[in-house]
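The values are calculated or read from the model by the stated rules, or taken from the named source; none is laboratory data. Bear in mind that the values here come from a model prediction, so they are computed numbers and not experimental data. Ideal geometry is used to build each Cβ from the backbone, glycine not excepted, and the neighbour counts take in all protein chains shown.
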Amino acid sequence: MPPNFVGVTGLPRAGSTLLCQLLAQHPEIKCEGHSSPLCNTLLGIRRMISDDQFMLSQLDSSFDSSYAHLTSAMQGFLRGWNADCKEKAVVDKNRAWLHAIELLLHIEPEAKLVVCLRELGQVYGSIEARHQKTILLDFIDHLADFDRMGRADMLFAKDKIIGAPLISLHAVPDLPKHVQDRLFFVRFEDLMAQPAACMSHLYAWLGLSPFEIDPNKIEKGIQESDSHYHMKYLHKQSGKITVPKKHDIPPRIQAQIEAAYGWYYQMYYPKKSS
C-alpha cells in the first residue's frame, strides 16, 4: 500500500520548518523537511492537459475513459513521487497545498493537510526583521525600495507571500465538511508553548502510534536553498525548541493588519478579538 499522504502548508514564518523537523522524529513518518515542487507540478499538469488539443479531442469522443486515464495517471505521479517510502506516512511541504486541497483529494482521497498559522503581525515582523539583517539585498519581488508600511501592504497583496495563503485560509469555511475534516491547524504560539502536547495530538490525528518528542533534542533535516529567496525567508533549523523574541511592530501597521484581517483573528485567534 502507498504511504498516507500528509501535506504541510499555511503561512510563511509560521513554524513549518520546525514542524517538519518534529514530524520527521516519528519512526512511522518520512519527512525530508524542505519545500517540495510536487504540488506545483500537479497544478502544471492540470494547466498543460487542459490546453492540449489532442487531449480535448479525446474528451469529446470518450470523456469517461479519457478522464479515468488522466485520474490514474495523476494518482500514479503523486504516488510515484514517494515510491521509495517504506514508512506509514510521507510528508510533503508546500504552501500551495491548501489552495490545491480539492485537486489533491480528487486523486488521493485519504490525504491530509497540516496548516501552519501565526499571529499576522508577527508573520510580518519576522519577515521585516530578516530584511533588516539583509538590507543590502532586495526581495525576489523587489520590495526593498518600499518603506515599512508600503512593504507590509505588498507582502499582504493577494499574490504575495503572506496574502496568497491568506486567501486560501479565508476560503476554508466555504469548503465541504469532508474537505475541512482533512485539515489540522497548528498555531505557532501553541507549538512553542506546548510542543509535546501539540505533536501528540497531531500524531494521533494522523493515525500514527503514540510518540513523545524531546523539545531539547531535535534532528536537523535537509537545508532549504535560502539564497533562492535572497535570504529573506530563512529556514533556520535548530537542535532544540527556543521560543523566539516577540517582534516589535509599529502600532499603525499592527492596527491596519488587524482591521483588514479581522476574519482571520475571529477564525483562528478568537481571543485576539475579544
K272 vs (1) assigned to a loop (DSSP other than H, G, I, E, B); (2) of a type outside the set (A, V, I, L, M, F, W, C); (3) surrounded by 12 or more Cβ atoms within 10 Å (Cβ to Cβ); (4) at pLDDT below 95: all pass except (1)
Apart from one, (1) within 14 Å of G15 (Cβ to Cβ); (2) surrounded by 13 or more Cβ atoms within 10 Å (Cβ to Cβ) all hold for A193; the odd one out is (2)
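Conditions (1) surrounded by 12 or more Cβ atoms within 10 Å (Cβ to Cβ); (2) touching a Leu at 6+ places or on another chain (Cβ under 8 Å); (3) not small (G, A, S), marked per residue:
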position	(1), (2), (3)
F54	no, no, yes
F63	no, no, yes
S66	yes, yes, no
L70	yes, no, yes
F77	yes, yes, yes
N82	yes, no, yes
A89	yes, yes, no
N94	yes, yes, yes
W97	yes, yes, yes
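Being surrounded by 15 or more Cβ atoms within 10 Å (Cβ to Cβ), over 27 Å from L206 (Cβ atoms) and of a type in the set (A, V, I, L, M) narrows it down to one of I49, I29, so name that one.
On the way: I29 fails: over 27 Å from L206 (Cβ atoms).
Matching residue, one of I49, I29: I49.
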Pairs returned, first residue in the stretch 142-167 that is touching a residue at least 60 places away in the same chain (Cβ under 8 Å), second residue that is surrounded by 12 or more Cβ atoms within 10 Å (Cβ to Cβ) and hydroxyl-bearing (S, T, Y), beta-carbon separation under 6 angstrom, 6 or more apart or interchain, are A152/Y124
Residue set Q223, Q266, Q254, Q237; condition touching a residue at least 12 places away in the same chain (Cβ under 8 Å), in a helix (DSSP H, G or I) and not hydrophobic (A, V, I, L, M, F, W, C); output residue Q254
Among residues of the stretch 42-101 being part of a helix (DSSP H, G or I) and touching a Phe, Trp or Tyr at 6+ places or on another chain (Cβ under 8 Å), the residue nearest to I162 (Cα to Cα) is L42
Open item on the list: So for the stretch 220-243 (the condition being loosely packed, with under 13 Cβ neighbours inside 10 Å, among the hydrophobic types (A, V, I, L, M, F, W, C) and in contact with a helix residue (DSSP H, G or I) (Cβ under 6 Å, 6 or more places away or on another chain)), does at least one residue qualify?
Closed with: yes
The condition from (1) surrounded by fewer than 17 Cβ atoms within 10 Å (Cβ to Cβ); (2) over 28 Å from C31 (Cβ atoms) that E102 misses is numbered (2)
Per the filter on the stretch 72-92, residues in contact with a helix residue (DSSP H, G or I) (Cβ under 7 Å, 6 or more places away or on another chain) and among the acidic types (D, E) are D92
**Prompt:** Any residue in the stretch 114-122 that is without any contact (Cβ under 8 Å) to a residue 40 or more places away in the chain and either in contact with a Cys (Cβ under 6 Å, 6 or more places away or on another chain) or surrounded by 15 or more Cβ atoms within 10 Å (Cβ to Cβ) (or both)?
**Reply:** no
